[in-house]
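Have a look at the structure below, then the notes.
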Amino acid sequence: MSPFLPFTCKLETFIEDLQNIVNENKTTITKLLAQQEKTYQNFVKPLEIMEENLEEFFTPLSHLNSVNNSETTQKIYTQSLPIITEYSTQLSQNLAIYEAYKTIQQKEKNLSKEQQRVLELNIQNFELSGAHLDTQTKARLQDINIKLSELSNNFSQNLLDATNAYEYIIDNEEDVSGLPQSEKEHAKFEENGKIKYKFTLQMPSYIAYMTYGNNRKIREELYKAYVTRAPQNAQIIDEILSLRDEMAHLLGFSNYAEYSIASKMAPNTQSVLEFLEELVEHSHPQAKKELQTLQTIAPHPLESFDTAYYSEKLKKEQYALDEEEYRPYFEQQSVVKGLFKFLEKLFHLEFSPIDIELWDDKAQAYDVYENKKLKARIFLDLEARESKRGGAWMHNWQSHSQTLNGDEKLASAFVVCNFPPSSPTQPSLLRHDDVVTLFHEMGHTIHHILSEVQESEVSGVNGVEWDAVEFPSQFLENFAYEPEVLKLFAKHIDTKEILPNNMIDKLVQTKNFLSAMGMLRQLEFSLFDFKLHMAPHKEKEVQHLLDTIREKTALIPTPSYNKFQNGFAHIFAGGYAAGYYSYKWAEVLSADSFYAVIDEGIFNSKTAQNYLHVILHRGGSQSMQTLFIELMQREADTKQLLRLNGIHE
Ligand SMILES: [Zn+2]
């Protein structure tokens, strides 16, 4: 019998089947709780398996809804959400389960590290939601949560309204002369027999003018409109910050940043600050030089609304990289095979295609072997089509684990991209960026499927801390710039010529173009977000904090009308509060271990083998902080990220 689930999703009976599983689970929970003597084996494990089975049932639907979206999938998906939400809310508030976890944690002394981690994470989940607190505190926490989600909602609504309310019409052809034809076409419209161009504050449109628009006055006006959007959000920020602070205190933390990192890899708030400040310090000198170079091509002192424009000019002058020139070297199927070959050489993996029916003709399935042993199955769905949501992602399906009677369960995952569609007459030719994306998603994929963990809740990507999740994906992505790796597969489709070194150099240089300036900008956001949540900030204090940080991160004085914070939706309307630093945090881990491999020689690297055993095999079974130190025998070194970005002190 195949160890993998066949890909099926019976849409006609899905809701009924889901409801049945949920009802059965509820009965099982009652039975499990009624047991006198609860142990890991008779209580935690069955609960874990029950949850995993529900996931496995649900994943094909959410996958189909993303890759073969139709009215039917949407309808069923929408119908299933309240069922799942009701069930998981009930579960997360069931204090009897929490008590049982606590007792088992105290009583059972011979649990494996993996089992301890399962208990630790489950208990933490309960405690971070406050489910274990007294009724009055719980009621207040619930009020705060409702209020916070209203405020976040208003924040994004205000921002959206302000973004949509603005437009700038250009009727002088001269003012759009610097724009690429495609951007001009986007902006173009006709009014009373005259050709005009419309620019808005929506991303592609705004960026287009800021990057290519040669009229400085217009750039300034667009910029000003952009950074002064939604002034009423200042009030909302005050309310959000005060509620978050109260919530953190109710849950026993001294500030919201502490609460945020409790479930992350970063050991304490100080370590986050130190790491960000170290990067600022080391990026600053080069960023200053980059700005000086940029200044040399501008006929006037640079201001905030000039940088994108002159950066583009300078980039053209220095590199003139034409993406189209690269495409013939990156035919989709040869890239996929090349990636497999690379993983075969690096980690002794083998990818063997299997012929089974899937949701689309273009989708492919492979069985994955590690050292000749069947390990996992992956599904690749790489080409864009109308029914597929945009972007690229890895979606884990089954997780490696041990069943109740001790059998080994294997893992599976979906890899989804939106590459140009191929046809019998037209191959799918990728940009280098696409190649990087595929490596990135495959990094997530092998993190999930190569797991050797016995407990599904901490197997593969399950249970991995939020600020560490992107580590394995970025690790692998870095190899997509390495000549030794690219030359395994980057062959010109017609001439069969291997991608020459100078073209590879150009890719790296373009990636690192003005990287120190870019780094400082990301650090400014990260520091602002983190410090803002480390102590209560009210009204003017928010701006004051931002100004203080900018003294070290902004090389061009920011105009005083700039109210960037009112548009910082990541932290006020998204999930990034006191977590924006995670991008850089994971980048440091990946750059550091990546260079260890490079410096040892990619294909004889001891670190690569350790990476397989420590990081990939062990998934979320321990904090990434512990695993990383085991891998490198030391804490992460920020210098390696600077090296990756071509930042030299
Ligand atoms: Zn990712």
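What helices (runs of 4 or more DSSP H) completely inside segment 88-186 contain at least 3 residues that are of a type in the set (A, V, I, L, M, F, W, C) and over 30 Å from residue 234 (Cβ atoms)? Even if it seems obvious, please write down each step before you answer.
On the way: elements: 95-107, 113-129, 135-165.
In segment 88-186, the matching helices (runs of 4 or more DSSP H) lie at 95-107, 113-129.
Any residue at all in segment 571-589 that is under 29 Å from residue 371 (Cβ atoms), at pLDDT 95 or above and under 23 Å from the mean Cα position of the chain (by Cα)?
Yes, the conditions are met somewhere in segment 571-589.
Please go through segment 621-646 and pick out each residue that is of a type in the set (S, T, N, Q), part of a helix (DSSP H, G or I) and more than 9 Å from residue 592 (Cβ to Cβ).
Going residue by residue through segment 621-646, those that are of a type in the set (S, T, N, Q) are 621-623, 625-626, 633, 638, 640, 645.
Those left that are additionally part of a helix (DSSP H, G or I): 625-626, 640.
Once the filter is applied, which keeps residues that are of a type in the set (S, T, N, Q), part of a helix (DSSP H, G or I) and more than 9 Å from residue 592 (Cβ to Cβ), segment 621-646 yields 625, 626.
Pull up segment 353-378, narrow it to residues that are surrounded by fewer than 17 Cβ atoms within 10 Å (Cβ to Cβ) and among the β-branched types (Val, Ile, Thr), then point me to the one that is farthest from residue 438 (Cα to Cα).
Per the stated criteria, the residue is 356.
Just to verify a result, which residue in segment 353-391, among those that are assigned to a loop (DSSP other than H, G, I, E, B) and in contact with a Leu (Cβ under 8 Å, 6 or more places away or on another chain), is farthest from residue 65 (Cα to Cα)? Steps first, please.
Filtering segment 353-391 for residues assigned to a loop (DSSP other than H, G, I, E, B) gives 355-363, 371-372, 384-391.
Those still in the list that are in contact with a Leu (Cβ under 8 Å, 6 or more places away or on another chain) too: 359, 362-363.
Working: 359: 11, 362: 17, 363: 15 Å.
Taking the candidates together, the pick is 362.
Name the residues in segment 415-447 that are in contact with a Gly (Cβ under 7 Å, 6 or more places away or on another chain) and within 12 Å of the ligand (Cβ to nearest atom), would you?
At the first step, the residues of segment 415-447 found to be in contact with a Gly (Cβ under 7 Å, 6 or more places away or on another chain) are 418, 447.
Within segment 415-447, 447 is the sole residue that qualifies.
Scan segment 454-487 for residues that are open to solvent by 30 Å² or more (accessible area, probe 1.4 Å), within 16 Å of the ligand (Cβ to nearest atom) and aromatic (Phe, Trp, Tyr) and report the count.
1
State yes or no: is residue 545 open to solvent by 10 Å² or more (accessible area, probe 1.4 Å), more than 30 Å from residue 342 (Cβ to Cβ) and part of a helix (DSSP H, G or I)?
Working: open to solvent by 10 Å² or more (accessible area, probe 1.4 Å): yes; more than 30 Å from residue 342 (Cβ to Cβ): yes; part of a helix (DSSP H, G or I): yes.
Yes, satisfied.
Look at segment 408-436 and say how many of its residues are in contact with a strand residue (DSSP E or B) (Cβ under 6 Å, 6 or more places away or on another chain), of a type in the set (Val, Ile, Thr) and touching a residue at least 40 places away in the same chain (Cβ under 8 Å).
Within segment 408-436, residues that are in contact with a strand residue (DSSP E or B) (Cβ under 6 Å, 6 or more places away or on another chain), of a type in the set (Val, Ile, Thr) and touching a residue at least 40 places away in the same chain (Cβ under 8 Å) number 1.
Which is outside the structural domain of residue 447 (by TED's automatic domain parsing), buried (at least 19 other Cβ atoms within 10 Å of the Cβ) and not aliphatic (A, V, I, L, M), of 603, 528, 564? Don't jump to the end; show me each part of the working.
On the way: 603 fails: buried (at least 19 other Cβ atoms within 10 Å of the Cβ); 564 fails: buried (at least 19 other Cβ atoms within 10 Å of the Cβ).
Step by step, each of 603, 528, 564 is checked, and only 528 is outside the structural domain of residue 447 (by TED's automatic domain parsing), buried (at least 19 other Cβ atoms within 10 Å of the Cβ) and not aliphatic (A, V, I, L, M).
For residue 260, which of the numbered conditions (1) open to solvent by 20 Å² or more (accessible area, probe 1.4 Å); (2) more than 20 Å from residue 559 (Cβ to Cβ) fails to hold?
(1)
Conditions tested, residue by residue: (1) surrounded by 14 or more Cβ atoms within 10 Å (Cβ to Cβ); (2) in contact (Cβ under 8 Å) with a residue 60 or more places away in the chain; (3) of a type in the set (Gly, Ala, Ser).
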| site | (1), (2), (3) |
| --- | --- |
| 69 | yes, yes, no |
| 92 | yes, no, yes |
| 96 | no, yes, yes |
| 102 | yes, no, no |
| 127 | yes, yes, no |
| 133 | yes, yes, no |
| 138 | yes, no, no |
| 153 | no, yes, no |
| 161 | no, yes, no |
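Can you spot a residue in segment 574-588 that is of a type in the set (A, V, I, L, M, F, W, C), assigned to a loop (DSSP other than H, G, I, E, B), more than 28 Å from residue 161 (Cα to Cα) and touching a helix residue (DSSP H, G or I) at 6+ places or on another chain (Cβ under 8 Å)? Break it down stepwise before answering.
First, the residues of segment 574-588 that are of a type in the set (A, V, I, L, M, F, W, C): 577-578, 585-586, 588.
Narrowing the set further to residues that are assigned to a loop (DSSP other than H, G, I, E, B) leaves 577-578.
Checking which are more than 28 Å from residue 161 (Cα to Cα) leaves us with none.
Looking for residues that are of a type in the set (A, V, I, L, M, F, W, C), assigned to a loop (DSSP other than H, G, I, E, B), more than 28 Å from residue 161 (Cα to Cα) and touching a helix residue (DSSP H, G or I) at 6+ places or on another chain (Cβ under 8 Å), one finds none in segment 574-588, hence no.
Give the residue, chosen from 451, 399, 412, that is crowded, with 24+ Cβ neighbours inside 10 Å, more than 16 Å from the ligand (Cβ to nearest atom) and in a strand (DSSP E or B). Spell out the reasoning first.
On the way: 451 fails: in a strand (DSSP E or B); 399 fails: in a strand (DSSP E or B).
Unique residue meeting the criteria: 412.
The values are calculated or read from the model by the stated rules, or taken from the named source; none is laboratory data. None of the values given here were measured: they were computed from a predicted structure. With ideal geometry, Cβ positions are generated from the backbone for all residues, glycine too; neighbour counts draw on all protein chains shown. Accessible surface is based on the protein model in full, side chains and every heavy atom, while ligands, DNA and RNA are left aside. Shrake-Rupley method; radii C 1.70, N 1.55, O 1.52, S 1.80 Å.
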